[in-house]
Amino acid sequence: MSELRILIIEDEPDLLHALSLNLKAEGFAVLTASRGDTGVEQALRERPDLVLLDIMLPGKNGLDVCRELRRKGFEAPIIMLTAKAEEVDRVVGLEIGADDYVTKPFGIRELLARIRVRLRRHTPAATETDTKLRFGKVAIDFDKHEAERSGERVELTAKEFDVLRLLARCRGEIVTRDRLLEEVWGYETYPTTRTVDNHILRLRQKLEDDPSNPRHILSIYGEGYKFIG
């Protein structure tokens, strides 16, 4: 799978550098622009998967950038960054097509969570793994929130479905506890990593033939979990 690309349009060099480093560390490819007008050109030329857009920019302010991109058919998520906290900016930004709005200063974990939420919601079409899943004796229908094991109904909670869906979507890859927290529980209600472990434990009890020796939902010591199926 190719890297998802994020364009950062930000004129503060230190913030631009910090955001670039953090996003690259999370596996994203990063494009940058320090002016609004060049940001528009780059977004339309490179077609990134998401744009982080400052409001106060030279050349063209962020609101005008957002407005122009939407007018020209740019559909990827736009998250606006601003030092302003006034409600009017938030409202105007959302009305002209921004998907989210983060007020500086912000925590990088919150921003990463928002980015992942927007990227997930923007996925054009659900794949088979996103809607249905089969492994071992288990059949899952994520859309209907139905699960069966050996032909018998298994009751999963909404969060258990969400955890399993993310693991299945990343089949064969290590998914960290922090990523599970960010994408399943969200940035507004951050539980502890123990919450993730408890959900994994219950999924194994309900779906694995031998929960103490799982074949499909595996622990990767010190890192997170991996789904094999």
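The values are calculated or read from the model by the stated rules, or taken from the named source; none is laboratory data. Since this is a predicted model, take the numbers as computed values, not measurements. Glycine also receives a Cβ, built like all others from the backbone with ideal geometry; neighbour counts cover every protein chain displayed. Just the protein is used for accessible areas: all its heavy atoms, side chains included, with ligands, DNA and RNA removed. Shrake-Rupley method; radii C 1.70, N 1.55, O 1.52, S 1.80 Å.
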Are there any pairs, at least 6 apart or on different chains, whose C-beta atoms fall under 7 Å, with the first in region 11-33 and in contact (Cβ under 8 Å) with a residue 40 or more places away in the chain and the second small (Gly, Ala, Ser), and if so, which? ASP11/SER34
Which numbered condition ALA168 fails, given (1) small (Gly, Ala, Ser); (2) part of a helix (DSSP H, G or I); (3) without any contact (Cβ under 8 Å) to a residue 40 or more places away in the chain: (3)
Within region 44-96, take every residue that is open to solvent by less than 50 Å² (accessible area, probe 1.4 Å) and farther than 17 Å from ILE8 by Cα and give me the one that is modelled with the lowest pLDDT. ASP89
Would you mind stating whether ARG194 is surrounded by fewer than 18 Cβ atoms within 10 Å (Cβ to Cβ), of a type outside the set (A, V, I, L, M) and in a helix (DSSP H, G or I)? yes
Out of (1) open to solvent by 20 Å² or more (accessible area, probe 1.4 Å); (2) within 25 Å of ASP210 (Cβ to Cβ); (3) in a helix (DSSP H, G or I), the one LEU180 does not meet is (1)
Return yes or no: is ARG120 open to solvent by less than 70 Å² (accessible area, probe 1.4 Å) and either at pLDDT 85 or above or not in a strand (DSSP E or B) (or both)? no
In contact (Cβ under 8 Å) with a residue 60 or more places away in the chain and farther than 20 Å from ARG114 by Cα: is that true of HIS199 in this structure? no
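Test ALA33 against the stated conditions and say whether it is modelled with pLDDT of 95 or more and farther than 15 Å from LEU111 by Cα. Quick ask: steps written out before the conclusion?
Values: modelled with pLDDT of 95 or more: yes; farther than 15 Å from LEU111 by Cα: yes.
Yes, satisfied.
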Please determine whether any residue of region 131-152 is touching a Lys or Arg at 6+ places or on another chain (Cβ under 6 Å), assigned to a strand (DSSP E or B), among the hydrophobic types (A, V, I, L, M, F, W, C) and open to solvent by 30 Å² or more (accessible area, probe 1.4 Å). no
